[in-house]
Amino acid sequence: MVIPLTLLAFAVLVAAVAPRLLTRAAWADREPVLALWVWQCVVAAVLLCCGLAMSLSAAVAWAQVHSGVFAPAPAAVRDAYGDATGATWAAVLAVGLAAGGLWTAVMFVREVRTARVQRRRRREELRRRAPLLPGEDTGAERLVVLEGERPDAWWLPGGQAAQLIITTAALRRLKKRQLDAVLAHEQGHSRARHHWLQHCAGALAGVPSFPVFRAFRDEVHRLCELAADDVASRRFGRMTFATALVELNEERGVFGPGPGHGHHAHLPQRVDRLLAAAPRFTPARRLRLTVAALAAPAVPLLVAFGPGLSALA
């Protein structure tokens, strides 16, 4: 039971400390892609801890599971994991963690299914307002122009059938270079498959007693927007894309003195970030942070497999 409890203690430590450090880190806004990578490593570490603790607890609680898990291993490795003390508590822990894993799977399926239903409804509405022309390929990524009084542009995911939608009001308001920057932003979302990351974050946020997953969900949306902002600004300039954001959202009231709400709450901060033009990290520093983030999921692997490796040595 020592190893499963150690894994759970590390999971609690990471879940408590990592969100505070990452949400307060000023560098995350400068390197949103790197910040997303660090967040994914943190979440992977917590999930690995839970998964390995469940497997090892079940091996302690039930001899059949122990035999199945360690059947191919040498006798020295089986002996290293052969401590059967605390079998009752190990069974309770294994069942609890298995229930958490099942709940997460159910939440993920529900998240994906809900997103698909919403996307299907939006596509039906889009098909009604902008039907395909004769001979037009339904599988190709295409730009759809809709009649609309409010300037807006968004990306409708769908794998090979992803679509970029823009209203006529946005076409009237934006200059050509600004329009190209907005389209590059939406294409950045599409090519990076940000919707899948948001599905996973939304599913994990439904797991009770783990605030780290809720913080992950909240940060994923913001960092995905910043990453797509960088795609557009690197191609067309920070000032061009910042003014395009203002032109698209000026009528929404998000740049007023009050706090923003919903999807557009972070728009003022995004515009300020673009105008501030903080320099990126050097490639060497980005590489160091990328490698350092791997330490989080590496620790539970070392804890879980350490006794077996020591026995082999």
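For residues in the range 206-232 being among the small types (Gly, Ala, Ser) and buried (at least 21 other Cβ atoms within 10 Å of the Cβ), which is farthest from residue 100 (Cα to Cα)?
To start, the set of residues in the range 206-232 that are among the small types (Gly, Ala, Ser) comprises 206, 209, 215, 227-228, 232.
Adding the requirement that they be buried (at least 21 other Cβ atoms within 10 Å of the Cβ) leaves 215, 228, 232.
Working: 215: 18, 228: 33, 232: 40 Å.
Selected residue: 232.
Of all residues in the range 95-104, those satisfying the criterion of being open to solvent by less than 50 Å² (accessible area, probe 1.4 Å) and either aromatic (Phe, Trp, Tyr) or touching a residue at least 24 places away in the same chain (Cβ under 8 Å) (or both) are 97, 98, 100, 101, 104. Flag: residue 44 does not match the condition of being surrounded by fewer than 19 Cβ atoms within 10 Å (Cβ to Cβ) and at pLDDT below 85. The set of residues in the range 166-192 being crowded, with 17+ Cβ neighbours inside 10 Å, among the polar types (S, T, N, Q) and part of a helix (DSSP H, G or I) consists of 178, 187, 190. Taking first residues from the range 177-194 that are hydroxyl-bearing (Ser, Thr, Tyr) and partners that are open to solvent by 20 Å² or more (accessible area, probe 1.4 Å), the Cβ contacts under 6 Å between residues at least 6 apart in sequence or on separate chains come to 190/155. When 125, 136, 147 are checked against the criterion of being exposed (fewer than 11 other Cβ atoms within 10 Å of the Cβ) and at pLDDT 75 or above, 147 stands alone in meeting it.
If you go through the range 205-231 and keep only what is of a type in the set (A, V, I, L, M) and at pLDDT 85 or above, you end up with 212, 215, 220, 223, 226, 227, 228, 231.
Number of residues in the range 67-86 that are surrounded by 15 or more Cβ atoms within 10 Å (Cβ to Cβ) and either of a type in the set (Val, Ile, Thr) or farther than 14 Å from residue 307 by Cβ (or both): the value is 3.
Could you check the range 1-94 for helices (runs of 4 or more DSSP H) lying wholly inside it with 3 or more residues that are in contact (Cβ under 8 Å) with a residue 40 or more places away in the chain?
Details: elements: 2-24, 27-30, 32-61, 63-70, 75-80.
Because the criterion is at least 3 residues that are in contact (Cβ under 8 Å) with a residue 40 or more places away in the chain, the helices (runs of 4 or more DSSP H) in the range 1-94 that meet it are 2-24, 27-30, 32-61, 75-80.
Taking (1) of a type in the set (A, V, I, L, M); (2) out of contact with any helix residue (DSSP H, G or I) (no Cβ under 6 Å at 6 or more places or on another chain); (3) open to solvent by less than 40 Å² (accessible area, probe 1.4 Å); (4) at pLDDT below 90 in turn, residue 90 satisfies each apart from (2).
The values are calculated or read from the model by the stated rules, or taken from the named source; none is laboratory data. What you are looking at is a predicted structure, and each value in this text was computed from that prediction instead of being measured. Every residue, glycine among them, receives a Cβ derived from its backbone with ideal geometry; neighbour counts consider all protein chains shown. Note: areas computed on protein heavy atoms with side chains; ligands, DNA, RNA excluded. Shrake-Rupley method; radii C 1.70, N 1.55, O 1.52, S 1.80 Å.
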